[in-house]
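Shown next, in structure tokens, is the structure this report addresses.
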Amino acid sequence: MIKVFTCSLIIFFQFILNVYSNEVKILYKVNDSIITNYDILEEVNYLVSLNKNLTQLNKNQLFSNAEKSLIREIIKKDEINKFYEVNYEEELESEKINIIIKNFGEKIGFKSNQEFQDYLKIKNININDLKKKFVIERFWNQLIFDKYRNLVKIDKNKIENDLEELIKNNSKILSFNLSEIIFLEKNREAIEKRSQEILASIENIGFKDTAVIYSISESSKLGGELGWVNQNQISKKIFLAIKDLEIGEFSKPIIASSGIIFLKVNDKKKIDAQIDKEKEMERLFSFERDRILNEYSIIYFKEIENKAYVEKF
């Protein structure tokens with residue numbers, strides 16, 4: 001179960017609400033949409049209530065993440081509307097979104113959908129506002145799939161051969177519980193500078209909070225958490241970078257097509273390599289497809305973000 005606000009956060013929100021209680025200010029114009037100080041406050045409440053990793057950030061970091069979150073959401077929604085006619089009110093009641101909400105609640109620690117919805121009420125989070133965010137993410141993922149699916153090339157023979165070789169030579173395979181920080185920079189100097197910033201931040205506030213601040217991946221909302229990944233689900237380059245890391249250690253920057261990646265090993269174990277080959281092939285194929293599409297998603301968003309009109313007031 002997610003913990004309630006710490007005392008310091010309660011004091012912080014009371015201070016902010018007192019400051020802005022009598023005045024609404026426009027803080028940003030993003031394309032044709034505006035973001036007000038109240039929008040930022042609501043987003044901070046949403047982010048902190050549903051992500052315990054954010055509770056240690058200071059108010060400037062919290063506001064910065066809320067701003068980036070709202071700007072990213074508007075840019076994605078505007079791009080979605082160029083390609084699809086989305087009836088958002090109808091989508092709020094769709095079975096797909098209800099299942100997504102239920103699964104999300106379970107993922108962050110709630111035992112039932114009702115318990116999750118009761119918590120949202122306590123935190124003054126409108127369930128439909130939460131659903132809208134997931135509708136945008138669902139159609140964004142659909143847009144990426146429609147746009148890039150013909151470019152996704154997966155070598156099934158290689159996956160099968162690698163799987164057979166792994167099963168043949170090992171009675172056990174390694175499984176890693178990972179977290180990630182992904183960032184993009186244009187040249188070596190910028191990569192080195194950002195890497196040093198991230199390393200300093202990890203030392204100061206930890207990997208999870210640093211992921212929330214710096215990572216451009218959607219996993220940043222969960223402190224960079226990826227969950228359990230088997231060695232046969234990752235590239236040889238990634239495996240070599242993390243295989244000798246102890247629990248709690250993180251890798252050096254890894255250059256990948258989606259950006260520069262830091263990976264932290266939260267836990268690791270050996271699992272039985274005697275698996276259902278057909279089911280494992282299906283799982284590996286889906287994992288590789290989703291990995292490639294996620295890389296395209298990151299790259300495409302950076303492209304449209306650079307073209308978006310963002311004015312700060």
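The values are calculated or read from the model by the stated rules, or taken from the named source; none is laboratory data. Keep in mind that this is a model prediction, so the values were computed, not measured. Counting neighbours? That spans all protein chains shown, and the Cβs are built from the backbone with ideal geometry, glycine included.
Restricting attention to the range 114-148, which residues are more than 21 Å from the chain's Cα centre (by Cα) and surrounded by fewer than 16 Cβ atoms within 10 Å (Cβ to Cβ)? Correct list: 114, 115, 118, 121, 122, 123, 124, 126. Taking the criterion of being surrounded by 12 or more Cβ atoms within 10 Å (Cβ to Cβ) and either basic (Lys, Arg) or in the same structural domain as residue 143 (by TED's automatic domain parsing) (or both), the residues of the range 278-303 that qualify are 283, 289, 291, 302. Count, please, the residues in the range 257-285 that happen to be under 26 Å from residue 73 (Cα atoms) and not aromatic (Phe, Trp, Tyr). Summing the residues that are under 26 Å from residue 73 (Cα atoms) and not aromatic (Phe, Trp, Tyr) in the range 257-285 gives 6.
Taking into account only those residues within the range 178-188 that are surrounded by fewer than 17 Cβ atoms within 10 Å (Cβ to Cβ) and of a type in the set (D, E, K, R), which is farthest from residue 61 (Cα to Cα)? Only one residue tops the list, namely 188. From the list 83, 104, 63, 116, the lone residue that is touching a Gly at 6+ places or on another chain (Cβ under 6 Å) and at negative phi is 116.
For first residues located in the range 191-205 and farther than 17 Å from residue 255 by Cα, partners that are surrounded by 16 or more Cβ atoms within 10 Å (Cβ to Cβ) and of a type in the set (S, T, N, Q) and lie 6+ apart or on another chain with Cβ distances below 6 Å form the pairs 201/210; 202/210. The single condition among (1) touching a residue at least 24 places away in the same chain (Cβ under 8 Å); (2) not in a helix (DSSP H, G or I) that residue 85 does not satisfy is (1). Would it be correct to say that residue 159 is within 30 Å of residue 281 (Cβ to Cβ) and in contact (Cβ under 8 Å) with a residue 60 or more places away in the chain? Answer is yes for this residue. Here residue 114 meets the list (1) touching a residue at least 24 places away in the same chain (Cβ under 8 Å); (2) in the same structural domain as residue 72 (by TED's automatic domain parsing) almost entirely, failing just condition (1). All of 243, 252, 279 fail the test of being within 28 Å of residue 104 (Cα to Cα) and among the basic types (Lys, Arg), apart from 279. Just one of the listed residues (205, 213, 234) is aliphatic (A, V, I, L, M) and under 24 Å from residue 73 (Cβ atoms), namely 213. The requirement of being at pLDDT 95 or above, of a type in the set (D, E, K, R), over 16 Å from residue 49 (Cβ atoms) and outside the structural domain of residue 222 (by TED's automatic domain parsing) is satisfied by residue 77.
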